[in-house]
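Asker: Below are the structure tokens for one structure; questions will follow.
The values are calculated or read from the model by the stated rules, or taken from the named source; none is laboratory data. Treat the numbers as computed from the prediction; the structure is a model and nothing was measured. When we count neighbours, we look across all protein chains shown, and the Cβ atoms used for this are built from the backbone with ideal geometry, even at glycine. Side chains are part of the model used for accessible areas, which takes the heavy atoms of the whole protein and leaves out ligands, DNA and RNA. Shrake-Rupley method; radii C 1.70, N 1.55, O 1.52, S 1.80 Å.
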Amino acid sequence: MLRDHTLDVVLSTFSIGEDTSSELYTHLLTQSPLCLVVATPLKRVKKLPLNEALQAVRLFLPSSTFESRSDFDQYVEVNNLKLKIMGEVDDIALLRILALTNKGAVIIPLVGILGDIENSALTLVHEFKSIKQKFYAITRQKKFQNPIISELVRSFRR
């Protein structure tokens, strides 16, 4: 859709590959560590060691549409964890809703639930500081860039 000029920008959790034609550009907007969160009624999980907590709860994971998912999967494999995976979700808002409605624990980028942690609706059990989800704006090469898109990309670099 970028190539046929239907869209000016695509926001994504993946960068475009190097083999993609040079007419598309990837702009890193921000990155956020993945974290394990639970609804506040489940905050007792926070007292458990991380690997025990991960195995003790029903868990919703970000789908493979998130670059960070493979890093989380590697963590699980290296630590030989047996997770109770309830589902995989490709939308941060839906992951947040699942956590808020106490459907289970959620692995989610921290940026998606900061307000919920601040107002105590969700409890941060663990922040995976070494597992970061990146967010990108993908644009196409244009003679005259859309000023709104240019400002969006610049605003994240401040």
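Asker: Sorting Tyr25, Tyr75, Tyr136 by accessible area (1.4 Å probe), largest first, what list results?
Answerer: Result of the area sort, largest leading: Tyr25, Tyr75, Tyr136.
Asker: So which of Lys47/Lys132; Lys84/Lys134; Lys46/Lys84 end up more than 20 Å apart by C-alpha?
Answerer: In this structure, Lys47/Lys132; Lys84/Lys134 lie more than 20 Å apart at Cα.
Asker: Which far-off residues, 5 or more places away or on another chain, put their amide H under 5 Å from the one on Thr30, with H placed in the peptide plane?
Answerer: The answer is Phe135.
Asker: Which peptide among 103-113, 77-87, 120-130, 36-46 comes first, and what is the full order, when sorted by highest mean count of other Cβ atoms within 10 Å?
Answerer: Packing proxy ranking, top to bottom: 103-113, 36-46, 120-130, 77-87.
Asker: Related question: Between Asn51 and Leu100, what's the calculated FRET efficiency when r is the beta-carbon distance and R0 is 41 Å? Round to 0.05. Before the final figure, lay out the partial values.
Answerer: Working: r = 25 Å, r/R0 = 0.60.
The calculated FRET efficiency here is 0.95.
Asker: Nearest 500 deg cm²/dmol is fine: what mean residue ellipticity at 222 nm does the chain get from its DSSP H runs of n ≥ 4 alone, each adding -39,500 (n - 2.57), divided by its residue count?
Answerer: For the chain, the value works out to -7500 deg cm²/dmol.
Asker: When only the heavy atoms of the protein chains count and the probe is 1.4 Å, how do Arg96, Arg154 rank by accessible area, highest first?
Answerer: From most exposed to least exposed: Arg154, Arg96.
Asker: Would you list, by chain and number, the aspartates and glutamates whose Cα falls below 17 Å from the Cα of Lys129, excluding same-chain residues fewer than 8 positions away?
Answerer: Once the sequence-local aspartates and glutamates are set aside, what remains near Lys129 is Glu67, Asp71, Asp73.
Asker: Extent of region 68-158 along each principal axis, from alpha carbon coordinates, in Å, largest to smallest?
Answerer: Taking the Cα atoms of region 68-158, the three principal extents are 52, 33, 23 Å.
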